[in-house]
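Contents: one structure, followed by commentary.
The values are calculated or read from the model by the stated rules, or taken from the named source; none is laboratory data. Keep in mind the model is a prediction, meaning the values are calculated, not measured. For neighbour counting, all protein chains shown are included, and Cβ atoms are generated from backbone atoms with ideal geometry for every residue, glycine included. With ligands, DNA and RNA removed, areas are computed over all heavy atoms of the protein, side chains included. Shrake-Rupley method; radii C 1.70, N 1.55, O 1.52, S 1.80 Å.
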Amino acid sequence: MSDRPPLHPDTLAIHGRSDDEGRPRDIAPALYPATTWRFESSAELERHLRGEEVRLEYARYGSPTVREAELRLAALEGAEDAILLGSGMAALSTALLSLLGQGRHVVFTDDGYRPSRVLVEKVLSRFGVTWDVLPVDAPHRLMEVARPGETRVVFTEFPTNPHLRLPDLGAWREAMRPLKGARLLVDSTLATPWNARPLERGAHLVMHSVTKYLAGHNDLTAGVLAGASPLVEAIREVRGLIGATADPHAAWLLLRGLKTFPTRMARHNASARWIAERLLAHRTVERVHCPGLPGQPLPEGMSGVGGLVSFVVRGGRLAASRVIDECRLIQHAASLGGPETLIQQPAVFSWSDLDDEALRARGLEPGLLRLSVGLEHPEDLWADLDRALNASAG
Ligand SMILES: Cc1ncc(COP(=O)(O)O)c(C=O)c1O
């Protein structure tokens, strides 16, 4: 055990949690692309298989660069362990396939990333999994839909996408008390461990689309699951069977990106707030969603929720589309969490199959825009957005 004081997240992102003993001496992370490793003897293989002397075996079960990234992410999350997977959706699928099965039930909260729910509705339902959806602020209603013995997962986002609601994770965990064996799974992609550590707020298992802020450069796809060692270990086995393991090249790029993760997050938080304040005062804007603004308190211990700001423009669906088309510096694309500021209209990008009435019934304004504030100078971003808002309003 090290007698050094615990490190700040800014330092953990660069060095990881472990001290120097036995660590590689490279200042920059090494990339190990190997997919398989040699055993020196049959006896060594047998010791490995018995778990007495675990060796590298085959990359689908784990490899050095992937492991280095996992340790770095576990350190940032304050978790005992973490596993890296091929995408955020690979992380969610692997977690749900590990925790659910025939006759099991999952409770989702609303206002979430649509494919997460579609995964259950379209795929897991074929294997006998059932589900219910509750408002994200309604942990008190959990037992109205939960089925003791069957409900094995409560899944929420912290914050939600796209309205940036911050569920009371402690209250959800407390509400789950009668549900023996159920796990609280939290997708904290938007907040990132720099803004919040859901495991400290009640989650059993936290997941991220690493593709977003953690990697931070819009150039790799990965996901992570972090939690207590026995739970992560059980899911690691399923990951190896499904083959959802991350690629070492992605892990290597991630380790590189993580070195600037805290610095990037400080900037995302500050720029998003700065722009949200200006949006709030803009004549063309009806409503702004950004925790930290007046009337939208942040939970204790949080200073922001990253670079996302959602806002409703006056004039509905068409007016919002015009704003996007008028943007020059801000680009129209899916995803978030990279250096480039991106904008999209959830009604069009994620929900094009629903008309305005159906959208509103789901709590989604057709004129809602989701802005992922990047790392450009905020004044340049505001100049672009302000001009686009004015031009679209005529
Ligand atoms: C909140 C949230 N969770 C999960 C995902 C899925 O992540 P990935 O695209 O890495 O599979 C996304 C992607 O946009 C997301 O926004």
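Across the protein chains, with a 1.4 Å probe defining accessible surface, the residues F155, F349 rank F349, F155 from largest area downward. For the range 111-120, putting each phi into the Karplus relation 6.51 cos²θ - 1.76 cosθ + 1.60 with θ = phi - 60° gives couplings of 6, x, 4, 4, x, 4, 6, 4, 3, 6 Hz, in residue order, rounded to whole numbers and with x for Gly and Pro.
H332 contributes about 110 Å² of solvent-accessible surface, heavy atoms of the protein only, 1.4 Å probe. Across every pair of non-identical alpha carbons in the range 239-394, the mean reciprocal distance, once inverted, gives a Kirkwood radius of 16.8 Å. Positive end of the dipole of the range 1-122 (Cβ unit charges, origin at the Cα centre): among I14, H105, A95, the Cα lying farthest that way belongs to H105. Of the beta bridges in the range 180-335, as assigned by DSSP with both residues counted there, near 70 percent are antiparallel. Rounded to the nearest 0.05, the FRET efficiency derived from the C-beta distance between D353 and M143 at R0 = 35 Å is 0.60. Send over a whole-number figure in Å² for the accessible area per residue of the range 9-258, probe 1.4 Å. Heavy-atom accessible area per residue stands at 45 Å².
A straight Cα-to-Cα reach below 12 Å connects K259 with the aspartates and glutamates D10, residues fewer than 8 places away in its own chain not being considered.
Each residue was assigned an accessible area with a 1.4 Å probe, and for K122 the value is about 140 Å². Remark: the range 195-262 carries a charge dipole of roughly 200 debye about the Cα centre, counting +1 on each Lys and Arg Cβ and -1 on each Asp and Glu Cβ.
Per residue, the convex hull around the alpha carbon atoms of the range 146-185 comes to 62 Å³. Where both bridge residues fall in the range 261-393, DSSP classifies roughly 80% of the beta bridges as antiparallel. Using a probe of 1.4 Å on the protein chains alone, the accessible area found for R287 is around 100 Å². Here is the tail figure for the chain: Cα pairs spaced more than 33 Å apart come to 34 percent of all pairs. Result for the chain in a Gaussian network model with C-alpha springs under 10 Å: among S229, S310, S41, the largest mean-square fluctuation is at S41.
Residue ranking by accessible heavy-atom surface, 1.4 Å probe, largest first, among D10, D110 comes out as D10, D110.
Placing +1 on the Cβ of every Lys and Arg and -1 on the Cβ of every Asp and Glu, with nothing else charged, gives the chain a dipole about its Cα centre of roughly 460 debye. Calculated FRET efficiency, R4 to R387, Cβ-Cβ distance, R0 = 56 Å: about 0.65 to the nearest 0.05.
Largest first and in whole Å, the equivalent-ellipsoid semi-axes of the range 109-210 read 20, 17, 12, each the square root of five times a Cα gyration tensor eigenvalue.
How much of the DSSP beta bridge set in the chain is antiparallel, as a percent to the nearest 5? Bridges in the chain that DSSP calls antiparallel: roughly 55 percent.
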